[in-house]
1. Could you tell me whether ASP65 is farther than 28 Å from SER151 by Cα, at pLDDT below 95, open to solvent by 30 Å² or more (accessible area, probe 1.4 Å) and among the acidic types (Asp, Glu)?
2. Given the conditions (1) part of a helix (DSSP H, G or I); (2) modelled with pLDDT under 95, and given that ALA24 satisfies all but one, which numbered condition is not satisfied?
3. Out of the residues in the stretch 11-26 meeting the condition of being crowded, with 19+ Cβ neighbours inside 10 Å, of a type outside the set (A, V, I, L, M, F, W, C) and touching a strand residue (DSSP E or B) at 6+ places or on another chain (Cβ under 6 Å), tell me which one is nearest to ILE80 (Cα to Cα).
4. Write out, first by first residue and then by second, each pair whose Cβ atoms fall under 8 Å of each other, whose residues are 6+ apart or on separate chains, and whose first residue, in the stretch 92-108, is at negative phi and assigned to a helix (DSSP H, G or I) while the second is open to solvent by less than 10 Å² (accessible area, probe 1.4 Å) and hydrophobic (A, V, I, L, M, F, W, C).
5. Anything in the stretch 36-61 that is open to solvent by less than 40 Å² (accessible area, probe 1.4 Å), part of a helix (DSSP H, G or I) and β-branched (Val, Ile, Thr)? List them, or say none.
6. From the residues in the stretch 62-90 that are in a strand (DSSP E or B) and among the β-branched types (Val, Ile, Thr), which one is farthest from PRO214 (Cα to Cα)?
7. If we scan the stretch 72-85, do we find a residue that is at pLDDT below 95 and not aliphatic (A, V, I, L, M)?
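The values are calculated or read from the model by the stated rules, or taken from the named source; none is laboratory data. Small disclaimer: the values here were computed from a predicted structure and weren't measured. All Cβ positions, even for glycine, are placed from backbone atoms using ideal geometry, and neighbour counts span all protein chains on display. Please note that ligands, DNA and RNA were not included when accessible areas were found on the heavy atoms of the full protein model with its side chains. Shrake-Rupley method; radii C 1.70, N 1.55, O 1.52, S 1.80 Å.
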Amino acid sequence: MTETTYILVHGAWSGGWCWRDVGAELTRRDANWTVLDLPSSTHGAHPNTFLADDAREVIEIAKLDGPVVLVGHSYGGAVITEAADQVPNLERLIYVAAFVPALGQSVSEANQEVPNRTLLDEAIEIDGEFLRLHPERAAAALYQDCTDEVSTWAVSQLTTQTIASFRSPRSSFDVDVPSYYVLCSNDQAVDPGLQELMAHRCTEVARIDSGHSPFLSQPVALCDLLLTNV
């Protein structure tokens, strides 16, 4: 039997680099995994880079012989939701502090379902048709429970994000596979109350006592959850 592959999908302003420690831990446990860089958060992205463009990248990388598990963090949750109905070998969806927009809903609209301002809102700066993050505020919002070394490294990797990606609606239908939500209870970027609402759209939920980026602050604990019941 072909083994399952975990496709790790990062959030906004980020890249495949953010899964560095989780990837190392999955390798240590003999699990197959891969990452990608979403077009909407790539340096030099076209401003009209939408959610569907990111989803197509996931669909393309998911063309594997064996089953896949899509893991989406933050905005990446919307990406895997959009991609899911075009991944025939999909085994499971896992959301980490992620958006799970309803059909026809954008990430921006989903974010307003619990309109509490977060430290991430304070960090966002508009740059034409892109959004960027203020470095110091980004560290507090995204990496507050990471070491200073890790936080500094991660902030240095951040890119811009197309506004279009946040505003484009989900167009895909629900899929009949299990979905698992990992709620980050100390999150300063995506309000835990909003995560509770998103988690109700999944079949299972677990909680981790972490900020927004457990893949860097608690990679072993996060791997424990990723591998649960899969």
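1. Numbers: farther than 28 Å from SER151 by Cα: yes; at pLDDT below 95: yes; open to solvent by 30 Å² or more (accessible area, probe 1.4 Å): yes; among the acidic types (Asp, Glu): yes.
When the stated conditions are applied, ASP65 passes them.
2. It is condition (2) that ALA24 fails.
3. Going residue by residue through the stretch 11-26, those that are crowded, with 19+ Cβ neighbours inside 10 Å are 11-14, 18-19, 22-23, 25-26.
Then keep just the ones that are of a type outside the set (A, V, I, L, M, F, W, C); that gives 11, 14, 23, 25.
Those still in the list that are touching a strand residue (DSSP E or B) at 6+ places or on another chain (Cβ under 6 Å) too: 11, 23.
Numbers: GLY11: 11, GLY23: 18 Å.
For the stretch 11-26, the residue satisfying everything is GLY11.
4. These pairs meet every condition: VAL107/LEU51; VAL107/ALA78.
5. If the condition is that a residue be open to solvent by less than 40 Å² (accessible area, probe 1.4 Å), part of a helix (DSSP H, G or I) and β-branched (Val, Ile, Thr), then VAL58, ILE59 are the ones that fit.
6. Going residue by residue through the stretch 62-90, those that are in a strand (DSSP E or B) are 68-73, 90.
Checking which are among the β-branched types (Val, Ile, Thr) leaves us with 68-69, 71.
On the way: VAL68: 22, VAL69: 18, VAL71: 13 Å.
It comes out as VAL68.
7. Step one: filter the stretch 72-85 for residues at pLDDT below 95, giving none.
Scanning the stretch 72-85, I find no residue that is at pLDDT below 95 and not aliphatic (A, V, I, L, M), so the answer is no.
Residues are listed down the side, and each one gets a yes or a no for (1) in contact (Cβ under 8 Å) with a residue 12 or more places away in the chain; (2) closer than 25 Å to ASP191 by Cα:
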{"position": "ALA12", "(1), (2)": "yes, yes"}
{"position": "ASP30", "(1), (2)": "no, no"}
{"position": "SER41", "(1), (2)": "yes, yes"}
{"position": "ASN48", "(1), (2)": "yes, no"}
{"position": "ASP53", "(1), (2)": "yes, no"}
{"position": "VAL68", "(1), (2)": "yes, no"}
{"position": "VAL71", "(1), (2)": "yes, yes"}
